1. Any idea how many residues of the stretch 70-87 are touching a residue at least 24 places away in the same chain (Cβ under 8 Å) and not hydrophobic (A, V, I, L, M, F, W, C)?
2. Could you check Tyr55 against (1) modelled with pLDDT under 85; (2) touching a helix residue (DSSP H, G or I) at 6+ places or on another chain (Cβ under 8 Å); (3) part of a loop (DSSP other than H, G, I, E, B) and say which number it fails?
3. Which one of these is in contact with a Ser or Thr (Cβ under 7 Å, 6 or more places away or on another chain), closer than 19 Å to Ser93 by Cα, outside any loop (DSSP other than H, G, I, E, B) and at pLDDT 75 or above: Cys64, Cys60?
4. Just a yes or no: is a residue in the stretch 88-99 at pLDDT below 90 and farther than 17 Å from Val9 by Cα?
5. Read through the list (1) outside any loop (DSSP other than H, G, I, E, B); (2) in contact (Cβ under 8 Å) with a residue 60 or more places away in the chain, then give the number of the only condition that Ile44 fails.
6. What are the residues in the stretch 17-41 that are modelled with pLDDT of 85 or more, assigned to a loop (DSSP other than H, G, I, E, B) and of a type in the set (Asp, Glu), if any?
7. Going through the stretch 31-79 one residue at a time, which ones are basic (Lys, Arg), under 21 Å from His100 (Cα atoms) and exposed (fewer than 15 other Cβ atoms within 10 Å of the Cβ)?
8. When only residues in the stretch 80-96 that are of a type in the set (D, E, K, R), part of a helix (DSSP H, G or I) and surrounded by 13 or more Cβ atoms within 10 Å (Cβ to Cβ) count, which is farthest from the chain's Cα centre (by Cα)?
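The values are calculated or read from the model by the stated rules, or taken from the named source; none is laboratory data. What you see is a predicted model, and the numbers here were worked out from it, not measured in a lab. Cβ: placed from backbone, ideal geometry, glycine included. Neighbour counts: every protein chain shown.
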Amino acid sequence: MEEDWESYVAIWTSLDICMYCERIMKEQPKRGKAPLTRTKDHIIPKSLGGDLSRYNKLHCCYACNHNKGNLTLKEWREKLLVSDFPDKELIISNIERIAHCSNIFYKPLLNTP
């Protein structure tokens, strides 16, 4: 099971694609943050007790990371449902996939059956 999560994250990381919105990410510009700048998100935010292990981190673009902020995946999904954030349906689908894969370590992330 542990290898499944690591393989899942490794594939997305090697492709340099945001695990939430699936856009190709870029290196950080010299100043500021561009929407597609590569960042790392803590699935369970550090401010809510999330740890620094590799199982609690994934690569995502700055736009998604900033929009999620310190929300849990469940809270972010609920926020997206009523927002006009670009590609929200795709992001919600990927949130559910990430929650399913990472539930091996963090139960329950979405409180779904």
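1. 6
2. For Tyr55, the exception is condition (3).
3. Values: Cys64 fails: in contact with a Ser or Thr (Cβ under 7 Å, 6 or more places away or on another chain).
Criteria check complete, one pass: Cys60.
4. No, that holds for no residue.
5. Ile44 satisfies every listed condition except (1).
6. Glu22
7. Residues satisfying the conditions are Lys40, Lys46, Arg54.
8. In this case the residue turns out to be Lys88.
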